[in-house]
1. Name the one entry in I138, I81 that is part of a strand (DSSP E or B) and under 29 Å from P17 (Cα atoms).
2. So which of E85, E137 is acidic (D, E) and closer than 23 Å to S63 by Cα?
3. Scanning the stretch 48-78 for residues that are of a type outside the set (A, V, I, L, M), without any contact (Cβ under 8 Å) to a residue 24 or more places away in the chain and in a helix (DSSP H, G or I), which turns out farthest from L130 (Cα to Cα)?
4. Restricting the search to the stretch 13-47, which residues are outside any helix (DSSP H, G or I) and among the small types (G, A, S)?
5. Scan the stretch 147-186 for residues that are outside the structural domain of I81 (by TED's automatic domain parsing), in a helix (DSSP H, G or I) and surrounded by 15 or more Cβ atoms within 10 Å (Cβ to Cβ) and jot them down.
6. Filter the stretch 124-138 for residues that are surrounded by fewer than 19 Cβ atoms within 10 Å (Cβ to Cβ) and under 18 Å from A170 (Cβ atoms) and give the result.
Amino acid sequence: MYEGAIQDLIDALGRLPGIGPKSAQRIAFHILQSDSEIAASLVEAVRTVKERVKFCTQCGNVSEEAECRICRDPRRDGTKICVVEESKDVIAIERTREFRGKYHVLGGAISPIDGIGPDQLRIRELMQRLADSTITEIILATDPNLEGEATATYLARLIKPMGINVSRLASGLPVGGDLEYADEVTLGRAFEGRTTL
């Protein structure tokens, strides 16, 4: 344990997701030993993000304007909406260049253990978007874990009675993976989603 400002910085960094005590300490000492300009640019970048970045009024993705770049793009297919948990998922899907529709960011997944229910997510906003009769397909792209599956199941039950086609991203074995290291659920999904050659 350090004292004063350095311990405060370590504690603050340690509260960030994915940063453990050792990483927080390493980052804090890197900041301490680096040039003042580097620390100042980090502070300015954080301040700028907090001041400028907000969430798209349409889909919930991060944006510096009222609507994000994807929602403003008239070339996107407005009949398809891909539902994701977080904004970082939008970026991951966009990198594939396979999806040309629009998105809806829930802001998390249903997790009763963490006290997150449907009311804490952007499900109400999704249902309002679905009232528009032009939407023909919803693609559920939540994470393939317990919370993501629960969220996808909940959404499918809400949306199917509306007559909208609901699909779920396929899951299975990663390219370059070994069967012996695959867990039972992943291997089972790979069998369910097998394709004919």
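1. On inspection, the qualifying residue turns out to be I81.
2. On the way: E137 fails: closer than 23 Å to S63 by Cα.
Selected residue: E85, the only one of E85, E137 that is acidic (D, E) and closer than 23 Å to S63 by Cα.
3. Looking at the filtered set, the residue picked out is T48.
4. Keep residues of the stretch 13-47 that are outside any helix (DSSP H, G or I), which gives 15-20, 34-35.
G18, G20, S34 - these are the residues of the stretch 13-47 that are outside any helix (DSSP H, G or I) and among the small types (G, A, S).
5. T186
6. Scanning the stretch 124-138 gives a single hit, E137.
The values are calculated or read from the model by the stated rules, or taken from the named source; none is laboratory data. As the structure is a computational prediction, the values presented were derived from the model and not from experiment. With ideal geometry, Cβ positions are generated from the backbone for all residues, glycine too; neighbour counts draw on all protein chains shown.
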